[in-house]
1. Expressed in nm², what is the orientationally averaged projection area of the convex hull enclosing the Cα positions of region 124-233?
2. Going by the alpha-carbon gyration tensor, a ≥ b ≥ c the square roots of its eigenvalues, is region 250-396 rounded (a/c under 1.5) or, if a/c is not under 1.5, prolate (a/b greater than b/c) versus oblate?
3. Given all pairs of different Cα atoms, what value in angstroms does the Kirkwood hydrodynamic radius of region 59-143 take?
4. State, as an integer percentage, the relative contact order of the chain based on alpha-carbon contacts under 8 Å between residues 6 or more apart.
5. Over all directions, how big on average is the projection of the convex hull of the alpha-carbon atoms in region 1-158, in square nanometres?
6. Just report the Cα centroid separation between region 201-243 and region 339-400, whole Å.
7. For region 298-400, which GluC sites (Glu not before Pro) are in a loop by DSSP, counting at most 15 other Cβ atoms within 10 Å?
8. Where nothing but the Cβ of Lys and Arg (+1) and of Asp and Glu (-1) is charged, how large is the charge dipole of region 1-117 around its Cα centre, in debye to the nearest 20?
Amino acid sequence: MDLNYSAADDAFRAEVRAWLEANLPADISSKILNHRRPSRDDLVRWHKLLAGRGWSAPHWPVEYGGTGWNATQRHIWDEENARVGAPGVLPFGVAMVAPVIMKYGSEAQKQYYLPRILDCTDWWCQGYSEPGSGSDLASLKTRAELTADGKHYLVNGQKTWTTLGQHADMIFCLVRTDPEAKKQEGISFLLIDMKTPGITVRPIIMLDEEHEVNEVFFDNVQVPVENRVGEENRGWTYAKYLLGHERTGIARVGNSKRELGFLKRVAKQQQKNGRPLLEDPLFGAKVAALEIELMALELTVLRVVSSESAGKGPGPEASMLKIKGTEIQQMLTELMVEAVGPYAQPFDTAYLECEHDHAVTGYDDAAPLAAYYFNYRKTSIYGGSNEIQKNIISQMILGL
Ligand SMILES: Cc1cc2nc3c(=O)[nH]c(=O)nc-3n(C[C@H](O)[C@H](O)[C@H](O)COP(=O)(O)OP(=O)(O)OC[C@H]3O[C@@H](n4cnc5c(N)ncnc54)[C@H](O)[C@@H]3O)c2cc1C
């Protein structure tokens, strides 16, 4: 296993770095680098710029508009994006529903949806979780019944935690089409237009006062039968295929490296006992321990990338990346709040939303950090909670 970059890899890095530096809008990267909130328009604008260069879906097959990059190149791409504060492309279309459509969708679905995902004509959201059906997803209850003429499904029920569903044009949903069958066997996979009558989106405001997730209600929503992906009652197979794609890339090493740099900068500015906080033995030891964990995670990611380059798909090791990656992300936010102390206290939401240029504290770096800390509590829950990832590791790797 060779974990070193080749000369061709270095040339590739130089090419993407130059393009990112020339094309990433400064107003967008400044929000990401300073923990402020990109708007819907920012995310769409960046997605379209990438699409214009042919780089909005690097992992797609070339025939659908992908790049043909190998696993190492995709890893370099992720790292370079993180380094300069690019917001990334939302996963729901490009990384989640698209692979399912490519593998299981009809020709008509491929022709219609894939180009619209590639250039962000449609904003997608994910309708999997329901109240009471998160970790135990197969227990979901949202019901879809065929109409008498067999042309539509009538959908009734509720989804929850739907990320950025308030902006979405389309939602992909798991629905129960056979309530009599064993729970995994009665599920189908539907693509639903969010403008269909009978859909209501209600915000859930989280600890950080951000409107990032929603409840979505379906009240006699008519969905054309052509919007079912694959066969009726085979949706669980497609759902699991999608979840495999959701967990890779979740380690976010590049982002954590950038945030570690931010933490060190802030901790150098802060003083404790007449010297920079970073030189305080206790605080410095915590930062050093975190940096070691991050270096170890990076090596693990490179091992996974190397075996992917050798043709092996990511297996249960994706669960290890998810757990370690999110623990590191959360620890970074904890140390940032610890570093700035009381300056993180004022909850300056308007500043986060870019409604004024400077924080009420006068300390712009610190103002978003409490919200950032609260926001990152989610990372050990979404994408399959870390406890569930540990179950996967114990079953698939340890064989327990
Ligand atoms: C910010 C955020 C965004 C999200 N976005 C989306 C989205 O866009 N679309 C979507 O469909 N879903 C989304 N989710 C939902 C997410 O997938 C679920 O929250 C997650 O799967 C956990 O399910 P739950 O919330 O029902 O918790 P539960 O399943 O009720 O779990 C509660 C606790 O029990 C633990 N637990 C449960 N079962 C076991 C077990 N067998 N062994 C050990 N421990 C267990 C869990 O780890 C957790 O700590 C999002 C969640 C969050 C927080």
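What follows draws every value from the coordinates through simple rules; no lab data is involved. Remember, it's a predicted structure, so these values are computed and weren't measured experimentally. Cβ coordinates were reconstructed from backbone atoms using ideal geometry, including for glycine residues, and neighbour counts include every protein chain displayed.
1. Numbers: hull surface 27.3 nm².
Its average projected convex-hull area is 6.8 nm².
2. Values: a/c = 2.46, a/b = 1.75, b/c = 1.40.
Prolate, since a/c reaches 1.5 and a/b exceeds b/c.
3. Details: mean 1/r = 0.0668 Å⁻¹.
So the Kirkwood estimate lands at 15.0 Å.
4. On the way: 635 pairs, mean separation 58.9, N = 400.
With pairs under 8 Å counted, the relative contact order is 15 percent.
5. Working: hull surface 52.3 nm².
Mean shadow area of the hull around the Cα atoms is 13.1 nm².
6. Centre-to-centre (Cα) distance: 25 Å.
7. Here the GluC sites (Glu not before Pro) that fit, given the DSSP loop and packing criteria, are 353, 355.
8. On the way: 14 positive and 13 negative charges, 110 e Å.
Approximately 520 debye in magnitude.
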